[in-house]
1. So which lysines pass the test for Lys59, namely a Cα distance under 18 Å, with those fewer than 8 places away in the same chain ruled out?
2. What is the spin-label model distance, in nm, from Lys125 to Ile224 if the labels are put 7 Å beyond Cα along the C-beta direction?
3. Once the whole set of protein chains is in place, how much accessible area is left on Arg49, using a 1.4 Å probe, in Å² to the nearest 10?
4. First select every other residue whose beta carbon is under 15 angstrom from the beta carbon of Thr196; then total the charges, Lys and Arg +1, Asp and Glu -1.
5. With a 1.4 Å probe and all protein chains kept in place, how do Phe101, Phe130 rank by accessible area, largest first?
6. Need one word for region 58-198: rounded, prolate or oblate. Basis is the Cα gyration tensor (sqrt eigenvalues a ≥ b ≥ c); a/c below 1.5 gives rounded, then a/b vs b/c decides.
7. Using all C-alpha to C-alpha distances in the chain, build P(r) with 10 Å bins and read off the rounded percent in each one.
8. Going by alpha carbons, how many degrees (0 to 90, nearest 10) lie between the helix axis of 140-169 and the longest principal axis of the chain?
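The values are calculated or read from the model by the stated rules, or taken from the named source; none is laboratory data. Since we're looking at a predicted model, the values are computed, not measured. Here the Cβ is made from the backbone with ideal geometry for all residues, glycine too, and neighbour counts use every protein chain on show. Just so you know, the surface numbers come from the protein's heavy atoms only, side chains and all, with ligands and any DNA or RNA stripped out. Shrake-Rupley method; radii C 1.70, N 1.55, O 1.52, S 1.80 Å.
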Amino acid sequence: MANSRFEYVKQFETHDTLLPQTYIVVRIDGKKFHEFSKFYDFAKPNDERALKLMNACAKNVVLHYKTDMIVAFGESDEYSFILKKDTTLYRRRSEKLSTLFVSLFTSNYVALWPKFFPDTPLNHKYLPFFDSRCVVYPNIQIIKDYLSWRFVDTHINNLYNTAFWQLIQICGLTAQEAEKKLMGTFSNDKQEILFTECGINYNNEPEMYKKGSLITRKGEILHIDVIKQINELFVGFE
């Protein structure tokens, strides 16, 4: 249709170009993953296979875009990909970055599923899909705070979920009873409940569950205290 009289329709296209010299976070998040995980009977509070599948998908995305990548961080059914402030990838067009990152991640999820769930084929009625967004951050301190926020969120969510599900699975409480017991409790309270009532020392839980997964631009998958090492992660990217 090049140079045809119909080409005028291209004038209606809009392109949201992200601000230059700002850090870009492309964040993907599972859509209706509660239903998805329930259908495929994911282990609670954490399914090691599912988390490792997420990490494998994210690693492939990082390596595909490693020239423009600083680091990626994930927990549960979400992943954040942090791009360098001077990246010109896809001319910094938000819709391109968002759609291409999430489609690459999703295609990897489907392709790698048999490796992590060899006895559970995907059902065409329950396929994985994710949403995606691009957010820009103006300076290195805010991007560090963003990553620290996701790390803290991992700890808060995992501690709650671990206590909630262990109260159900080990102590025999109903979901309503477990929720009521944890209402208004702080981190120390939850750890004490886990230890005294469930016989679980939270400190001995797998690092991947407690700290999430960080992927370097070289593809290393680490489970570290992000806040303690935050400055090291951004050396050379300020």
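1. Counting by Cα, and skipping residues close in sequence, Lys59 has these lysines nearby: Lys84, Lys115, Lys211, Lys218.
2. About 4.6 nm, to one decimal.
3. Spelled out: Arg49, probe radius 1.4 Å, area about 90 Å².
4. Values: positive: Lys181, Lys190; negative: Asp189, Glu192, Glu197.
Value of the local net charge: -1.
5. Values: Phe101 0, Phe130 25 Å².
In descending accessible area the options line up as Phe130, Phe101.
6. Oblate is the answer for region 58-198, as a/c is 1.5 or above yet b/c matches or exceeds a/b.
7. P(r) for the chain, in whole percents per bin: 7, 28, 30, 22, 10, 3, 1, 0.
8. The helix 140-169 is inclined about 40 degrees to the chain.
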